[in-house]
Amino acid sequence: MSTHNNEPNPNSSSRRSFLKQSTALTAIAFTPGAAVSAAQKGWDEQVALAFEQLPLRLKVNGIAQQVNVEARVTLLDLLRDQLHLTGTKKGCDYGQCGACTVHVNGERVNSCLTLAITTEGCQVTTIEGLAKGEELHPMQQAFLKHDGFQCGYCTPGQIMSAVACIKEGHADSPEEIRRVYECNICRCGAYPNIVNAILEVKAKGEKL
């Protein structure tokens, strides 16, 4: 009759340790000595940091900004983390939910998919830049009137897309608006109210 021994095998543990050590030693053996030395002293991180920080000049909500960013930083992270404009929301981070929608030179973009460095010299508008002081933007007023939000998380992106929808000439019918809004997800299901808000602003013909 066979039995199973569940106790750890010391030989197996030693074998794993040996393989790990051998792999590490092999990697070091094939790495140039200068690189290993630099890594040990942390020079590699300092050199990488110096080269990754790139100057960026742009206007955000009409205010000139001059910042240094890493090449990999997205416009969304620049707005939220460096410029502290947290109205633009981070949702899926894959360009599928539309919560991060902003305008770059008047065109809507998913800021989570836009590298900040590509906006050099551009005009960026976020939800914070729509209102004029205490006076709300016509689209913001329409969203309030028609209750175009519930939890409110997606609302900044929804409003930015709504403004662009009219400017782009895609607000002539509820069906057309819905097609455009496939890129903006509202998990609360406020779509009918959002469509009504857009139609009202479009009908008034106000300057956006």
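The values are calculated or read from the model by the stated rules, or taken from the named source; none is laboratory data. Small disclaimer: the values here were computed from a predicted structure and weren't measured. No Cβ is skipped: glycine too gets one built from the backbone with ideal geometry, and neighbour counts run over all protein chains shown. Keep in mind that these areas ignore ligands, DNA and RNA; they rest on the heavy atoms of the full protein, side chains included. Shrake-Rupley method; radii C 1.70, N 1.55, O 1.52, S 1.80 Å.
Hey, does the range 170-191 have a residue that's β-branched (V, I, T), in contact with a helix residue (DSSP H, G or I) (Cβ under 6 Å, 6 or more places away or on another chain) and modelled with pLDDT of 95 or more?
Filtering the range 170-191 for residues β-branched (V, I, T) gives 177, 180, 185.
Filter again for in contact with a helix residue (DSSP H, G or I) (Cβ under 6 Å, 6 or more places away or on another chain), leaving 177, 180.
This time we only want the ones that are modelled with pLDDT of 95 or more, so: 177.
Yes - at least one qualifying residue is present in the range 170-191.
Would you mind finding the one in E70, E134, E128, E107 that is over 24 Å from G169 (Cβ atoms), of a type in the set (D, E, K, R) and surrounded by fewer than 14 Cβ atoms within 10 Å (Cβ to Cβ)?
Numbers: E70 fails: surrounded by fewer than 14 Cβ atoms within 10 Å (Cβ to Cβ); E128 fails: surrounded by fewer than 14 Cβ atoms within 10 Å (Cβ to Cβ); E107 fails: over 24 Å from G169 (Cβ atoms).
Being over 24 Å from G169 (Cβ atoms), of a type in the set (D, E, K, R) and surrounded by fewer than 14 Cβ atoms within 10 Å (Cβ to Cβ) holds for just one of E70, E134, E128, E107, which is E134.
If you scan the range 54-96, which residues turn out to be free of Cβ contacts under 8 Å to residues at least 60 places away in the same chain and among the hydroxyl-bearing types (S, T, Y)?
The answer is T74, T86, Y94.
For a quick check of your reading of the model, give me the residue pairs whose first member lies in the range 175-188 and is assigned by TED's automatic domain parsing to the domain that holds C165, whose second is open to solvent by 60 Å² or more (accessible area, probe 1.4 Å) and not in a helix (DSSP H, G or I), with beta-carbon atoms closer than 6 Å and at least 6 apart or on different chains.
E176/H170; V180/H170; C188/Q150; C188/C151
If a residue must be surrounded by fewer than 16 Cβ atoms within 10 Å (Cβ to Cβ) and either on the phi > 0 side of the Ramachandran plot or within 23 Å of the chain's Cα centre (by Cα) (or both), how many such residues does the range 139-166 contain?
Number satisfying all stated conditions: 4.
Filter the range 171-200 down to the residues that are under 18 Å from N110 (Cβ atoms) and loosely packed, with under 14 Cβ neighbours inside 10 Å and list them by number.
Within the range 171-200, R179, E182, R187 meet the criteria.
Which of the residues spanning the range 91-104 are farther than 12 Å from I159 by Cα and crowded, with 17+ Cβ neighbours inside 10 Å?
Once the filter is applied, which keeps residues that are farther than 12 Å from I159 by Cα and crowded, with 17+ Cβ neighbours inside 10 Å, the range 91-104 yields G91, C97, V104.
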